[in-house]
Structure formats: structure tokens, C-alpha cells
Amino acid sequence: MAFTTLRLPPYPELVINNRFSSIFASQFYSSALPSRLVLGSSSSCVGTLSLSINHHSSRWSSTSFTCCSQTSELSVSVDTYGSNTERVVVLVIGGGGREHALCYALQRSPSCDAVFCAPGNAGISTSGNATCIPDLDIFDSSAVISFCRKWGVGLVVVGPEAPLVSDIANDLVTAGIPTFGPSAEAVALEGSKDFMKTVCHKYGIPTAKYQTFSDASAAKQYIKEQGAPIVIKADGLAAGKGVTVATSLEEAYKAVDSMLVEGIFGSAGYQVTVEEFVEGEGASFFALVDGENAIPLETAQDYKRVGDGDTGPNTGGMGAYSPAPVLTKELQNVVMESIILPTVKGMSMEGCKFVGVLYAGLMIDKKSGLPKLIEYNVRFGDPEYLAKVLLAACRGELKGVSLKRSPGSAMVVVMASKGYPGSYEKETVIRNLEEAEYVAPAVKVFHAGTAFDSDGNFIATGGRVLGITAKGRDLEEARDKAYLAVEEINWPGGFYRQDIGWRAFPQKQFSRNA
């Protein structure tokens, strides 16, 4: 019995945005060597996991996957008895922070020969984590298929929701190209609030009381009957901005008009879901699903509001940390039994079996102390991840997988363009990014929306632009490292929340200067 020991460099690994998902078909040998695994929520990070797989003729043991790196090197022992390693060329589709984190992890996987990213971004291209293909039209399935065949791509990983909604995953799988990303039917679990709520109602999954409307007058009448506070949601995907928590009837009516009458979210707001306001503490829960079985991954807490103290409009996420103290072991068991497993069963019964990672946005109800499902996300949460463990899910082999979280906490702070989530100036110059990664061990800056100007400077091209991530022995250390790195970055055109993590430190006052 031979063992191979790999020495992994002391680099941080992590996240920025949110969501996991997948349909993934491949013919890797079950002995393919692992990389490290990191999962993220909306602008979130999750902690370190250990993976043990024992199925077919191979066994993986004592394998560590880190959210952000240790200060020392990480030893990975792999039992390679009687096995061969198949190496694969990977194409990552997308160009944000999620894809930067994916490329970062995949490039370090011993089972990857090369990593392409289309279109990629400036941070990915300069990191050496992938070869960016900016001219590949990721909405043209035939072009993507042609590229994969030309370059021998053995795995496509689809990050953003837009190409998933266009059903690129099904097109690629039909062409015989292994693809990690859900079908358009499965995307509906995230892409339609009404679909998700219908699944909840049909299969007894606890969620906020709701009704869906396409007529503004009917929606307003229901709101008047229910009273405020109340929550208004665009039915479709609106880049994290399609939710209004209205504290008055007037605010709720305005939100309805903006979506159904003014059409500010386009087709995503052709109908709205009106939900009861559930008072409590929010948290995120991740589970790996193989279509029939599910195992829990990790928890996190996400900061959606743009301003300190959870003020201002909702965003795609301004920061997050993991683990989430509010989700105790007992509550995690409740989430699995009352939310995750019924969803897996329900999706199978509905004829759109779900394979991948479910990211459940939860609210721990203040009245009952029990979790309610607020939303599902079915895409990558800007993770770094291990293709092998996802393959086990795709093959229906999760019964042979066990995951164990190691000590430590992780945090990400998002830096966004001033004015986000409203209008903002683009092409503002960002400096000192490399210096920021050296202010403390286990710090990594992931790029979500950057490019180069004519002088070779990094410039901002989006709303949420950078995800500054760090790992520590505990949450306080992770937070201190992350903000130390944030303060090193010279970007007059950007801003960040100064209080990420406050829910875990209610007794403290944060007074950092942006």
C-alpha cells in the first residue's frame, strides 16, 4: 500500500460571493488526487473541511481542504494503492470573484492539467491561476463546445446564473462534455421565488407565508391586509437587488410599483412574491446533494445591506464569515431534516432531480427559535472546491463521503464602487492589491470586477469589485486580518462595510475608518 504526500503552499483559499450548484457528468477514475475545498455563501467564506472517501478501489484519507490557508504548509496524504490518476483540462465559465476563486483552487488540483476561464478578469489573468479567453461567447453553446473539443476540455464549470438559465449545461452534456452546473429546470429553484415557494408548500418545508402577484393592485390589497413590515421580492434573478424589506405600507406599495409597473428589473420582476416579515437572525447553510442523498457542508452569515448596522438597500453581499454561531449543531440537524432533505425529495418527485450544492438562506425565527427557508441559491458561492467530491455527488455516491470541519474561522470583506448598489463610476484606479496580501498570513484578494487601464493599472469595472478574505484561529483573528488588508488597499473610488462580523461580536463596537 503506497502513500503519496503532497506539500501544498501556505496560500489562503476562499470565496467571495455566494451559491453552489451543479449537474456534473464525468469519467474520472475514482482515485483522482484531491485539491482543497472551500465553500462560500453570498460574499461568504466557510471553514476548513476534511474529506474521507472510501468507494470502489480507492481510498482517500486524512485529506484537508482549507477555506483560507494555514500559516504553515498543509500535508495531504492520499492512499494511491492500485490506482491511476487521470488529469483533466478544465474550462471555468464566468468572469467574477466566484470564478477567480474556482480557478485558484482548480489550478492547484493535482488532477488538473490546465485551467481556462472565459471571459475571466484582470485578477485571474495576472494570478497565473488560469488562461483567460475573453473572446469566447459563453452564451453560444456551439462556440463553447467547439472550444472544448479543440483544446481537449474534460470538465466545464459554469459559474454565473445567466449562462445556466440559457441552459448551456444541458447543451454541453448532450454534446458529451462533462459539465458542472444545473440544468435550466433545476436553476428555477433559485431563479423563481414562486417555484421555490411552491416546492416548499407542496413538500411541507417551513418558509415565510407568501402570495405571488403579477397585478400591482392585487399585490397592494394583500399588503394592506397583512400590514407592515413586509417583504417584496422580484420573482426572478435581479443580481441580489430584487428584495425590499418594507417598514411601511407606502414603502411596500412603492416597491410593487417599481417592479410591476416601472419594470426596473425587467423580466425578473414580471411577478412579485409578497412575504411575511420573519423577525430573527439570518444564516446560510450548505449541503452537498447527489439527487437522492444530502450531507451538510458548512454554515455562514452574510451581510446583504449596503451600510453599516444593516442599513440601506440590499446588495449581492458586502461580506460574510463562517462558521455561523447562531446555527448550533442541533439547529443544523433541524435544517437537514426539515428543509434540505425534503427539498431533495421534492425536486426528484417533480422530475428535476437536483445534483450539486444547495445554499439555503435561512432565518432563525425569533418567536419559535426554529429555522425557516427564505431563499435557495443553486450556484457556486465563489468557492474553491474539489471536483472529486462533487463527482461523488453526481455519481450518487455520497454515502461513501464524510466531511469534517477543522478548527478556525474565515471572513471576507467586499470592497465595492462608491454608489453601489445604485449608479457608480467605473474605471476608477485601484492600487496596493499585492501589498494587501502580505499584511498578514492567510490573506487573499479575489477579483470580482476588475480590468486594466492603458497604463497597466487595475481599474474597477463593476459594483462589487474585490473580496478580501482571511482565515484565523477564531473569527476575531480572521476579521482583524481581513480589515488590515482592506486598509492597505488604495482605492478612493471604493467603499466597504466596517462592521462585518458584528453579529458574532454584539458586545463590541467597530470604529474603523473607510
| said: From the mean inverse distance of alpha carbon pairs (Kirkwood) and the Cα radius of gyration, derive Rg over Rh for segment 409-506. | reply: 0.99
| Of Lys202/Lys372; Lys197/Lys241; Lys197/Lys220; Lys304/Lys399, which pairs sit farther than 23 Å apart, going by alpha carbon to alpha carbon? | Lys304/Lys399
| note | Carbon plus sulfur, as percent of the 1.4 Å-probe accessible area of segment 279-378, comes to 55
| message | Tell me the accessible surface of Leu136 in square angstrom (1.4 angstrom probe, heavy atoms of protein chains only), to the nearest ten. | response | 20
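So with the 1.4 Å probe, I'd like the accessible area per residue for segment 209-276, rounded to whole Å².
On the way: 3170 Å² over 68 residues.
Accessible area per residue, segment 209-276: 47 Å².
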| request: Extending each Cα 7 Å along its Cβ direction at Thr126 and Ile264, get the distance between those two points in nm, one decimal. | output: 3.5
| query | In nm, to one decimal, how far is the modelled label at Glu337 from the one at Ala114, with both set 7 Å along Cα→Cβ? | reply | 5.1
| request: Enter the mean projected area of the convex hull around the alpha-carbon atoms of segment 114-242, in nm², rounded to one decimal. | output: 11.1
| said: Suppose the chain between Ser454 and Leu370 were pulled fully straight at 0.36 nm per residue; how much longer would it get relative to their current alpha carbon spacing? | reply: 24.8 nm
| field | segment 307-364, accessible area per residue, ligands and nucleic acids excluded (1.4 Å, Å²) | value | 35
| note | Note: Thr247 to Ser423 extended length (0.36 nm per residue) minus current alpha-carbon separation gives 61.0 nm
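Taking R0 as 41 Å, what's the FRET efficiency between Lys224 and Asn293 from their Cβ-Cβ distance, rounded to 0.05?
0.40
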| query | Using the Kirkwood radius built from alpha carbon pairs, what does the Stokes-Einstein equation give as D for segment 88-181 at 4 °C and 1.567 mPa s, in µm² per second? | reply | 102
| note | If each part is reduced to its alpha-carbon centroid, segment 146-170 and segment 436-474 end up apart, in Å, by 26
| remark: One checks the Cα atoms of segment 209-276 and finds Rg and Dmax, in Å, of 10.3, 30
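How many Å² of accessible area per residue for segment 409-506, probe 1.4 Å?
Roughly 39 Å² per residue, with all protein chains present.
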| task | Take the Cα gyration tensor of segment 279-378, multiply each eigenvalue by 5, square-root it, and list the three semi-axes largest first, rounded to whole angstrom. | result | 25, 15, 12
| task | Over segment 159-222, with every protein chain in place, what whole percent of the accessible area is carbon and sulfur at 1.4 Å, could you tell me? | result | 52
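The values are calculated or read from the model by the stated rules, or taken from the named source; none is laboratory data. As the structure is a prediction and not an experimental result, all values here were calculated from the model. For neighbour counting, all protein chains shown are included, and Cβ atoms are generated from backbone atoms with ideal geometry for every residue, glycine included. The accessibility values were calculated without ligands, DNA or RNA, using every heavy atom of the protein model including side chains. Shrake-Rupley method; radii C 1.70, N 1.55, O 1.52, S 1.80 Å.
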